[in-house]
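Visitor: Would you mind keeping the following structure in view while I ask a few things?
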Amino acid sequence: MPGKAFVMAFVWSGWLVAAVIAFMIVAYASFFGIAVIGVMIWFVTTRVDMEQDGGVVGAGFSPGFLAEQVRNRAEMSRAERAALRGRQLLEGQSTRFFRWLGIALTAIGLAGFLLFQV
């Protein structure tokens with residue numbers, strides 16, 4: 001089996017496990033489960049958005065590490081900066097989409113939960 005096929009099989013099995021867990025949350029908790037999944041998506045996208053500009057969030061970074069990142073970005077050629085900016089733009093669009101998806105799932109889940117509680 002080629003390496004790429006093995007990696008794709010592993011990725012698809014991971015998505016399958018995640019889908020089964022999400023289904024079980026929704027089946028057990030109904031609309032409240034949808035809201036929980038929305039909050040989880042919202043949390044992850046917020047974390048990714050904060051880490052997008054060079055990893056300034058998380059486990060203790062030293063000032064020397066941050067200075068090295070700034071120095072490396074300053075030494076980039078125009079083509080490298082353009083490629084970095086394009087990648088950051090694509091990542092930002094994806095993050096924004098999934099953030100709004102998380103917000104929508106949270107709102108739908110809470111509205112449905114409140115609707116069935118009344």
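Every number in this text was worked out from the coordinates using simple rules, so none of it is lab data. Model, not experiment: these values are computed from the prediction. All Cβ positions, glycine included, derive from the backbone under ideal geometry; neighbour counts span all protein chains shown.
Visitor: Just from its helices, what would the mean residue ellipticity at 222 nm be for the chain, if runs of 4 or more DSSP H residues each count -39500 (n - 2.57) and the sum is divided by every residue, rounded to the nearest 500 deg cm²/dmol? Let's see the in-between values first.
Guide: On the way: 3 runs with 101 residues, N = 118.
My calculation for the chain gives -31000 deg cm²/dmol from helical runs alone.
Visitor: Then there is this: Defining a contact as two alpha carbons under 8 Å apart and six or more residues distant in sequence, what relative contact order in percent does the chain show? Please report the intermediate quantities before stating the final value.
Guide: Working: 70 pairs, mean separation 55.2, N = 118.
Reported relative contact order: 47 percent.
Visitor: Using the basic label-point model (7 angstrom from Cα toward the beta carbon), what is the residue 107 to residue 47 distance in nanometres?
Guide: About 2.5 nm, to one decimal.
Visitor: So, in nm, how far is label residue 39 from label residue 115 when the simple model puts each one 7 Å beyond its Cα toward the Cβ?
Guide: Here the answer is 2.0 nm between the modelled labels.
Visitor: Also: Can you tell me the FRET efficiency between residue 16 and residue 71 if r is taken as the Cβ-Cβ distance and R0 is 30 Å, rounded to the nearest 0.05?
Guide: Working: r = 43 Å, r/R0 = 1.44.
Given R0 = 30 Å and the Cβ-Cβ separation, E is 0.10.
Visitor: Please list the radius of gyration and Dmax for the chain, considering alpha-carbon atoms only, with Å as the unit.
Guide: 19.6, 61
Visitor: Which value, in debye to the nearest 20, gives the size of the charge dipole of segment 3-117 about its Cα centre, when Lys and Arg are +1 and Asp and Glu are -1 at the Cβ? Mind showing how you got there, number by number?
Guide: Working: 10 positive and 7 negative charges, 54 e Å.
For segment 3-117, the charge dipole is close to 260 debye.
Visitor: Provide the FRET efficiency to the nearest 0.05 for the residue 23-residue 87 pair, computing r from the beta carbons and using R0 = 30 Å. Can you show the working numbers first?
Guide: Details: r = 33 Å, r/R0 = 1.10.
About 0.35, to the nearest 0.05.
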